[in-house]
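The block underneath contains the structure these notes are about, expressed in structure tokens.
No lab work stands behind these numbers, since they all come straight from the coordinates. Keep in mind the model is a prediction, meaning the values are calculated, not measured. Quick reminder, even Gly has a Cβ in these numbers, built from the backbone with ideal geometry, and neighbours come from all protein chains shown.
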Amino acid sequence: MSKIIAKYNGYLLNANCRSNGKVLLWGEQKKLLELGFNEDKDDDPITYDKIVNKTELEELYEEHEFGTYRGIEFSINGGTEKTYTIWYWNKDDEEERMCKSLGMELYERGIYVKEVQKSEIINYRIEKEDLLNK
């Protein structure tokens, strides 16, 4: 699943980019309180969050998952403990027929999706897209 990660004072944290060069950071480490993070007791488990300037970060990137299913590379976004949800953006009629032949469902025009067993995916990898220098 695609997610944004930031490295701040040595901690790898979840992140959400805001406007004006600001980034919302959050994590579950209680030591984050020492860095001026706010405690959110409404979350279970309790999380700690803080908005910082993008310039304060050591790293900021979005993770994208990919894998090969039946010889074709797909984007992975979602799933369960035992499955991945694979996605394919088709560009022409031939690719649309290929998606249908693999039993994929039409998510919306030009986008097909299917839930597959994790054991059916080979060449699984995560690519990092740099957001700090964008």
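Each residue of the stretch 113-128 is assigned a 3J(HN,Hα), and the resulting list reads 9, 7, 9, 10, 5, 4, 5, 8, 9, 10, 6, 5, 8, 10, 10, 9 Hz, derived from the Karplus form 6.51 cos²θ - 1.76 cosθ + 1.60 (θ = phi - 60°), x at Gly and Pro. In sequence order, the stretch 9-26 has phi-based couplings of 6, x, 9, 8, 10, 5, 9, 9, 6, 10, 7, 6, x, 9, 9, 8, 10, 7 Hz under the Karplus curve 6.51 cos²θ - 1.76 cosθ + 1.60, θ = phi - 60°, and Gly or Pro positions carry x. Filter the trypsin sites (Lys or Arg not before Pro) in the stretch 1-88 to those in DSSP coil with at most 10 other Cβ atoms within 10 Å of their Cβ, and list the result. Here the trypsin sites (Lys or Arg not before Pro) that fit, given the DSSP loop and packing criteria, are K41, K82. With helices as the sole contributors, the chain gives -2000 deg cm²/dmol at 222 nm; each DSSP H run of n ≥ 4 counts as -39500 (n - 2.57), and the sum is divided by every residue. Amide H contacts for F37 (H built 1.01 Å from N in the peptide plane; partners 5 or more residues away or on another chain; cut-off under 5 Å): none found.
For E59, the amide hydrogen comes within under 5 Å of the amide hydrogens of K7, counting only partners 5 or more places away or on other chains and with H modelled in the peptide plane. Modelled label positions at N77 and D40, each set 7 Å beyond Cα in the direction of Cβ, lie 2.2 nm from each other. What the phi angles of the stretch 84-89 give under the Karplus curve with 6.51, -1.76 and 1.60, with θ = phi - 60°, is a coupling list of 10, 9, 9, 10, 9, 9 Hz, glycine and proline written as x. Out of these labelled values of volume of the Cα convex hull per residue in Å³, (i) 105; (ii) 154; (iii) 123, which was calculated from the coordinates shown here? So the structure-derived entry is (ii). Checking the cross-link pairs K30/K82; K3/K91; K3/K50; K41/K82; K7/K54 against a 22 Å limit on the alpha carbon distance flags K30/K82; K3/K91; K41/K82 as lying beyond it. Within the stretch 49-134, the GluC sites (Glu not before Pro) that combine a DSSP coil assignment with at most 13 other C-beta atoms in a 10 angstrom radius are E58, E81. Find the relative contact order for the chain and round it to a whole percent, using C-alpha pairs within less than 8 Å whose residues are 6+ positions apart. Relative contact order comes out at 24 percent. Annotation: amide H of G78 within the under-5 Å range of S2, T85, sequence separation 5 or more or interchain, hydrogens built in the peptide plane.
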